[in-house]
């Protein structure tokens, strides 16, 4: 089944064809075989414009030029159709109007002379024709830019959705599965724990699907610092279950300032604890601290890498993505390795500091 590429072009083609035929019939212009053939060609080209816009627009320009240059009179509406066709070419092409405008103007001048109207296309009339055709070309180009802008918005939205899906899968599903693989390797996972963790992964998968299908169903943000404190305790218990020992130092939640990146902080916490399970040597203690520094919130983790781990630099795909997001809101991320000792530091700007910066910029 053939579909119309541009419905609005089909509407223009239909209206133009009707007006062209009405004028020709009303003034008895189609009295010869040549005029009838030109009528059929013009009608066919206008129909083609709806299905193959680019080819149809150039073909329409050609038949309009023929209409203007034949030695017998054709409907005067071709002047209006020149303007419409120039606008369509301005919409469909980048530089096509640079060629179409001069040819259209020349055809209109030839038409005036062939019809015995030598005085109708003087200097002022030519200037007027240039302005009108140029305005049609500019209008078409403007509509083209609007259309391209909307397409770019759609592409950006789709790209954002892909990034959002990738982030959700990595931050929730991939991290939990990676932790399970580590636990299986070191033999600290029993059947009951495995079942519980797999059920948690499945529930998280269902939650991600529900949020992607309808973002309005996403649960509201829970209070930040109590939730972070619980998350730190939960992650520490998981590491203890896997044979790791270490300290998690965090102040009273009420003493920490508000930050505009609560979800990002939670993602960084989960990512760093998973990295400890993957890369740290359980024979040495790790240290995780959460504190305020110069009005910002600093999250820091340090551990001793396994001897065979030569690729550990903290540059996992998750940490890299989180670091770019953190830098985008005025924070910073830094990691370093000296021998087997590894440390990562994340600075989260406080909400008050960010609002002060925006006010200063304003």
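Output the number of residues of the range 39-55 satisfying the condition of being surrounded by 18 or more Cβ atoms within 10 Å (Cβ to Cβ), under 29 Å from residue 146 (Cβ atoms) and in contact (Cβ under 8 Å) with a residue 24 or more places away in the chain. Walk me through it before giving the result.
First, the residues of the range 39-55 that are surrounded by 18 or more Cβ atoms within 10 Å (Cβ to Cβ): 39, 42, 45-46, 49-50, 53.
Keeping just the survivors that are under 29 Å from residue 146 (Cβ atoms) gives 45-46, 49-50, 53.
With the extra rule that they be in contact (Cβ under 8 Å) with a residue 24 or more places away in the chain, the set shrinks to 46, 49-50, 53.
Total meeting the criteria: 4.
For the range 322-335, what are the residues that are surrounded by fewer than 20 Cβ atoms within 10 Å (Cβ to Cβ), out of contact with any helix residue (DSSP H, G or I) (no Cβ under 8 Å at 6 or more places or on another chain) and over 24 Å from residue 304 (Cβ atoms)? Scanning the range 322-335 gives 324, 327, 328.
Consider residue 268 carefully, then state whether it is touching a strand residue (DSSP E or B) at 6+ places or on another chain (Cβ under 7 Å), closer than 20 Å to residue 229 by Cβ and part of a helix (DSSP H, G or I). For residue 268, the condition - touching a strand residue (DSSP E or B) at 6+ places or on another chain (Cβ under 7 Å), closer than 20 Å to residue 229 by Cβ and part of a helix (DSSP H, G or I) - is met.
Looking at the range 8-92, the helices (runs of 4 or more DSSP H) lying wholly inside it that each contain 1 or more residues that are at pLDDT 80 or above and under 25 Å from residue 131 (Cα atoms) sit at 53-69, 78-92.
Within the range 297-319, is there a residue that is in a loop (DSSP other than H, G, I, E, B), at pLDDT 85 or above, closer than 24 Å to residue 177 by Cα and in the same structural domain as residue 350 (by TED's automatic domain parsing)?
First pass over the range 297-319, keeping only residues in a loop (DSSP other than H, G, I, E, B): 306-316.
Checking the rest, the ones that are also at pLDDT 85 or above come to none.
Scanning the range 297-319 turns up no residue that is in a loop (DSSP other than H, G, I, E, B), at pLDDT 85 or above, closer than 24 Å to residue 177 by Cα and in the same structural domain as residue 350 (by TED's automatic domain parsing).
Screening the candidates 193, 236 for the property of being modelled with pLDDT of 75 or more and surrounded by 11 or more Cβ atoms within 10 Å (Cβ to Cβ) yields one hit, 236. Apart from one condition, residue 264 fits all of (1) surrounded by 18 or more Cβ atoms within 10 Å (Cβ to Cβ); (2) under 39 Å from the mean Cα position of the chain (by Cα); (3) modelled with pLDDT of 85 or more; the exception is (3). Evaluating residue 282 against the criteria (1) at pLDDT 80 or above; (2) exposed (fewer than 13 other Cβ atoms within 10 Å of the Cβ) leaves one unmet condition, (2). The residue that is nearest to residue 242 (Cα to Cα), counting only those in the range 285-295 that are free of Cβ contacts under 8 Å to residues at least 60 places away in the same chain and crowded, with 22+ Cβ neighbours inside 10 Å, is 286. Among the residues here, residue 338 qualifies as at pLDDT 80 or above and surrounded by fewer than 17 Cβ atoms within 10 Å (Cβ to Cβ). When 117, 139 are screened for being assigned by TED's automatic domain parsing to the domain that holds residue 88 and either more than 21 Å from the chain's Cα centre (by Cα) or modelled with pLDDT of 80 or more (or both), only 117 passes.
The values are calculated or read from the model by the stated rules, or taken from the named source; none is laboratory data. Keep in mind that this is a model prediction, so the values were computed, not measured. Neighbour counts are summed over all protein chains in view; Cβ atoms, including those assigned to glycine, are modelled from backbone coordinates with ideal geometry.
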